[in-house]
1. What is the sum of charges around residue 139, taking Lys and Arg as +1, Asp and Glu as -1, for the other residues whose C-beta is under 12 Å from the C-beta of residue 139?
2. Taking θ = phi - 60°, what integer Hz values does the Karplus form 6.51 cos²θ - 1.76 cosθ + 1.60 yield along region 121-135, in sequence order, with x for Gly and Pro?
3. How far, in nm, would the chain grow between residue 139 and residue 13 when pulled straight, counting 0.36 nm per residue and subtracting the alpha carbon separation?
4. State, to one decimal in nm, how far the label point of residue 55 lies from the label point of residue 150, with both points 7 Å from Cα in the Cβ direction.
5. By how many nm would the segment from residue 109 to residue 178 grow when fully extended, if each residue of separation counts as 0.36 nm and the alpha-carbon distance is taken off?
6. Below 13 angstrom from the Cβ of residue 106, what's the summed charge of the other residues (Lys, Arg +1; Asp, Glu -1)?
7. For residue 69, what is the net charge nearby, where nearby means another residue's Cβ is under 12 Å from its Cβ and Lys, Arg count +1, Asp, Glu -1?
8. Give me the lysines in straight-line cross-link reach of residue 111: C-alpha distance below 30 Å, same-chain residues under 8 apart excluded.
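What follows is calculated from the coordinates using simple rules that are stated; it is not laboratory data. No experiment lies behind these values; they were computed from the predicted model shown. Positions of Cβ are generated from backbone atoms using ideal geometry, with glycine treated the same way; all protein chains shown enter the neighbour counts.
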Amino acid sequence: MILTRFSATGLRNLAEFTLEPSPSLNIFVGPNGGGKTSLLEGLYLLAMGRSFRAHPLTHVINHEMSELQIMGVLSSFAPHPQNDLTSESPVPPPVIPTALSRSRENQTRFKINGEWVSSVAEIARCLPLQFMHIDSYQLLQAPSLARRQLMDWGLFHVEQDFFFSMEAIPTSIKAKKCRIKTRYFI
């Protein structure tokens, strides 16, 4: 899926905006403090449900607003099977509207196709995102847990059934360590 439309209200210092990004490459240029990083933070929020800059999400909400709303429209980049070179009225690709809403009272809600969902993982399935920043090189020197989490995230977007296994792995590892400590083997 690709993001074909992105809009936000109450996102940091940005006024309400709507953006229709290119499906290939987008370059954001502007002066310092112009909102380039805030725009990227909004994209990250929509895909991941958290910020890469601020731990409490209330810091992301514009100080004059009571709520942050981010909306995106996702579209399949695969051509519809009914479309061919002779088709006079091509069938448009399916679109999936998504949304994130965050109030100052610490309530975050996610919506896909007009229905509220309980987990950001539902949006992450549709909108895979891996954020690389200036300190990402430290991943090479970080403990193995950080590298494993990166690999798990990538695998989740390739094979989505992996999500349920990924959730069970930490519990299995803890149980294994406990058995090794107590020298209890099955």
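1. Numbers: positive: 147, 148; negative: 135.
The answer is +1.
2. Once rounded to whole Hz, the list reads 4, 5, 6, 4, 5, 8, 10, x, 8, 10, 8, 10, 10, 4, 9.
3. Stretched fully, the residue 139-residue 13 segment lengthens by 42.3 nm.
4. 2.3
5. 21.2 nm
6. Working: positive: 50, 102, 104, 109; negative: 67, 105.
Residues near residue 106 contribute +2 overall.
7. Net charge in that neighbourhood comes out at +1.
8. Excluding near neighbours in sequence, the set is 36.
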